[in-house]
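Take a look at the structure below.
Derivation of every value follows stated rules applied to the coordinates shown; laboratory data play no part. For clarity, every value in this text was computed on a predicted model and none was experimentally measured. With ideal geometry, Cβ positions are generated from the backbone for all residues, glycine too; neighbour counts draw on all protein chains shown.
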Amino acid sequence: MREWWKKVSAAAVGRGGETPGTYWARRAMVLGMVAAVAIIAATVYKVTAPLEQASVDDPEHVRPVNPTATKRPLEDRDLELAQPQAHRSEESPEPEPEESESPAEPEPCEQDGVRLQVVSALREAYVGTTVPVSVLVVNEERADCEIRWDRVVLQARNGNDIVYASDHCGDEPEGTAVLKPGDGETVEFDFAAKASDEACEGERRELPAGDYDLVAAVGESEADAGLRLK
């Protein structure tokens with residue numbers, strides 16, 4: 001500061017050989033510089049004086065702290081919010097999807113729960129002629145049932161005598177069918193118009209001419225159709 005003042009004082013003193021106009025111009029410049037320094041010093045004092053006075057009057061006085069500086073990190077708040085959710089998930093786990101149960105297998109059709117119908121392709125045929133025969137099986141129960149076709153037996157009767165049966169020599173059909181209540185399925189037979197017996201021994205002979213009853217049976221349930229051999 002002293003060095004600066006010496007320079008200012010030296011500038012204020014006129015140098016030999018200067019004109020009066022130059023001398024007074026330099027003095028005006030120096031006075032302007034001094035006035036500017038004084039204004040700056042006064043401004044700084046006005047700003048710092050109240051703070052210094054407050055520190056003197058209240059030794060415990062501290063500057064207000066930016067409230068945002070006390071906020072917790074975002075990660076801590078996220079962790080606290082996530083903990084109750086994890087606690088709820090432990091207390092009430094989400095229900096597991098129920099396994100779909102496979103449908104129950106239908107019961108076998110009872111012999112008294114089916115209705116039969118026999119249809120012969122020919123009402124008259126020559127001796128030794130193969131006659132196609134259709135047997136319709138209808139479910140009369142209130143629930144689904146499964147019919148095994150080997151349970152359906154086709155017989156040829158002459159009066160009270162059974163001269164042919166499909167289960168004598170392995171002529172019974174194969175397979176099964178599921179019948180809904182009131183629904184029916186048809187099974188086909190080829191009646192060769194030949195005699196058979198339970199032992200199925202020897203050569204099967206042709207049935208002689210006459211009137212025969214073609215009878216379809218499931219247990220004790222029966223239905224028939226007539227056939228004449230000539």
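Of note:
- Signed unit charges on C-beta, dipole axis of the stretch 107-229, positive-most listed residue Val131, Val118, Val218: Val131
- Alpha-carbon Debye profile of the stretch 107-229, log10 I(q)/I(0) at 0.14, 0.19 Å⁻¹: -0.58, -0.98
- Span from the the stretch 184-230 Cα centroid across to the the stretch 143-178 one, whole angstrom: 10 Å
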